[in-house]
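Structure, as structure tokens:
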Amino acid sequence: MRENRLAHDDPPPSPPPVFDVTSALGPLATQDDDFVKKLQAHEANGTLTGGLGRGFVLSPSNSTASSSPPFRVRDADLMRQSTNRRKTSFRRRQTLREAGQDEANRRGRIVEVIAEQAQEQEQQQQQHDISNFEGGSDSRFHRCRSFPSATRIFYPQPDWRPPSMRWPYLSMLILVSVGLAAGSEMMYHVYGNKPLVRFTSAAELSTSLYLAVRFAPSVCAVSYGVLWQLVDLDVRRLEAFHQLSRRGGAEAASSVNVDYLTGYTLLRPLCALRRRHYAVFVSSLSAIMAASLVPTLAAASIVLTPNRAERRADPAAWKMLVLSATWSRLLTASLVACAVAGIGLLRILQSRRSGLLADVQGIAGLASMAVVSHILMDFRDLDTASLGDIHRRLKQKRYVLRNSSLAPLDEVGRDGDDDDDDGDVDDVNDDDDYDDDDDDDDKIDNPGKPPSESPHPLILRPMGWLPFLAGSVALMVMMPAMLFTDADIVLDRAPWAVTAAAVGLKLSWNAMETAVRVMEPFYILSQRHAPAKTLLLDYTAHPFGWLPAKALLNQHWLMLAVGVGSLMIEFLTILVSGLAMVDGQELATRKQVADTGQETPTTFFSSLALCEAVLFYTFVIGAVVFARRRSAFLPRQPTTMASVLAYMHQSKMLYDFVGTEAMSGAELSRRLKGMDKTYGLGWFRGRDGQTHCGVDEEELMGSYRHGVDDSQRNQPWNTAWDVF
């Protein structure tokens, strides 16, 4: 067992700087053809050129730390300072590793641990070991060390995280959850046996009291759900990077191949739990409860008495808003569950580091991470492969995130000793979604063949958008029907049903919005000659409310319309919760007997008109989105890191990203803009001289047409003519 292994963030020795001679060449002459062919041959044989795959260098945090001399400490002193061990059964080397890493993170500088105790224990063991009769067991003659001294070097780990994943925001969210739960319980104890409000006509209520009764519960519930959705979005999109930054990295199935942005919202917590991604499990489950269950229960907790038949029989009778004991207690329990989940999420996030120096901005962010190592070679022949093919190719591989760079684990070596298994490296072999696949499926017979699965997320396919449009129309028709016909018995018996329907429509809209967010940069690239800022475009990182403003600044009108729709559909939940307690048939007559609910004719028809306007807007914008995005414009969904890396593994534009892994988003943006290049998605001539499909700088060979393999354009006998 070697005592002088480097810590898991210790970069391997850097190779000498690589100078790309091709960058100094002007227009290639005839005599340079052989040189270019040699470069292409190197790429075809798996050898990266032009500075790609040059090896690890220190990240900005590490370079800052290395500007001052390392902090040296003896292992004995470090162990005395180390407290609060998670497990008392840890072996000494594991505890020393964690103590050294914690010290480096705390100081923000390099820590060099001198393992004096290990040397003394080894000498004592050699002196008292009588089991070996073959002579001395001096390690100088029987062991080969990689380093001359028994020291371990620890580098500070990066820990950037968005505001929603930091302790102030999470603490605020926990306090809000506790406050709402306490308020709900207090309201039940105070008003459990007496009404909240008594009135004979809604016109008698003051403006402030009317607003409090009419909108306050729904506004609080909807706003609370939005707060949870903010943290859930960031946790889901950054989970893969945390898994890669762990000691020992992560399998492809739980990192580069994981997709927590699209798919079924209700099944997401189960998928995260199966992969043991507990942060995603807690945040997704809490967001579902906060965004769907809490607004529905809040609407169901307030009941208007007497029932509709009695109010019609005696319009002058007292009307009362009372709390439902069952629904109110369920609401309190849901809020308490969210508070407990918030505490658990805070503990999970505070006990680990993100592994990121800054936010990963779109395609350019991944490109900067991929140019240091040879990870790009793992995506050969995967240009147009499906997500399943990529999964099968990578399912036996592990990847790591070190010093802002992605790399295969076998390229940087396993961290720590092989027998130091403290459970930090998850065994996620059961993460395969394709367990029934044969091992020989790793080889793709025809890499240029278009994938059989749809390149669109489910909500953008007919089986997803048809139910969404049908639901919008159904709710648009049902609202007047349940208010002005005998179908109002539904609202009288279950006034929360219309709120639940609005929440379901909101979840479907959010799924559509997420899909458009993910696909928008690639759609712009598919239109060809996109500006450099498109590579940095990442709408999934923008919080609720900021998306429309960002889309307006970028003049992406469809994205703007979708973002505005997300704001409007939140108000839909607020509006419909009050309409459920109104007798629409009596209000429509505009007679004196119209005072049979908590709405006046003016407020009732205004709320109904706004509801219908929101539903009409969601239907129209949804239809426009599905019409504009119905045609496939890329081979597969860009919903995983592996899918995006496969799009650019042979792109010539990667030469521009050499040395950018340490740059911030602003620095990278200035660098790309200074090159004055445009980019596109389609068929291009790669660095190996072959035809590839993906993202590259212009001019491309041609645009992408789904089902057409342009890599064999000179082989008409292999062309699928029936798709033209």
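The values are calculated or read from the model by the stated rules, or taken from the named source; none is laboratory data. Because the structure is predicted, anything quoted here is derived from the model rather than measured. Methodologically, a virtual Cβ is constructed for each residue, glycine included, from the backbone with ideal geometry; neighbour enumeration extends over all protein chains shown.
Data table
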item: L335 vs. criteria modelled with pLDDT under 90, closer than 30 Å to G179 by Cα and either touching a helix residue (DSSP H, G or I) at 6+ places or on another chain (Cβ under 9 Å) or aromatic (F, W, Y) (or both); result: no
item: A588 hydrophobic (A, V, I, L, M, F, W, C), touching a helix residue (DSSP H, G or I) at 6+ places or on another chain (Cβ under 9 Å), surrounded by fewer than 17 Cβ atoms within 10 Å (Cβ to Cβ) and at pLDDT below 85; result: yes
item: Residue satisfying all of: in segment 452-488; surrounded by 15 or more Cβ atoms within 10 Å (Cβ to Cβ) and among the polar types (S, T, N, Q); farthest from F633 (Cα to Cα) among these; result: S472
item: Members of segment 606-636 found to be under 22 Å from Y539 (Cα atoms), at pLDDT below 90 and polar (S, T, N, Q), listed by number; result: S631
item: Test result for I390, of a type in the set (V, I, T), over 15 Å from M641 (Cβ atoms) and in a helix (DSSP H, G or I); result: no
item: Segment 653-687: number of residues that are of a type in the set (K, R) and within 15 Å of G53 (Cβ to Cβ); result: 1
item: Test for L535: is it over 30 Å from M653 (Cα atoms), touching a helix residue (DSSP H, G or I) at 6+ places or on another chain (Cβ under 9 Å) and assigned by TED's automatic domain parsing to the domain that holds S607; result: no
item: Count - residues of segment 205-223 that are part of a helix (DSSP H, G or I), of a type in the set (S, T, Y) and surrounded by fewer than 17 Cβ atoms within 10 Å (Cβ to Cβ); result: 3
item: Wholly within segment 489-554, helices (runs of 4 or more DSSP H) carrying at least 1 residues that are at pLDDT 90 or above, surrounded by 21 or more Cβ atoms within 10 Å (Cβ to Cβ) and among the charged types (D, E, K, R); result: 497-526
item: Test: residue in segment 283-294 that is out of contact with any His (no Cβ under 6 Å at 6 or more places or on another chain) and free of Cβ contacts under 8 Å to residues at least 40 places away in the same chain; result: yes
item: Where a residue in segment 471-489 is farther than 17 Å from A609 by Cβ and its partner, wherever it lies, is part of a helix (DSSP H, G or I), with Cβ under 6 Å and at least six apart; result: G471/L505; A487/A481; D488/M482
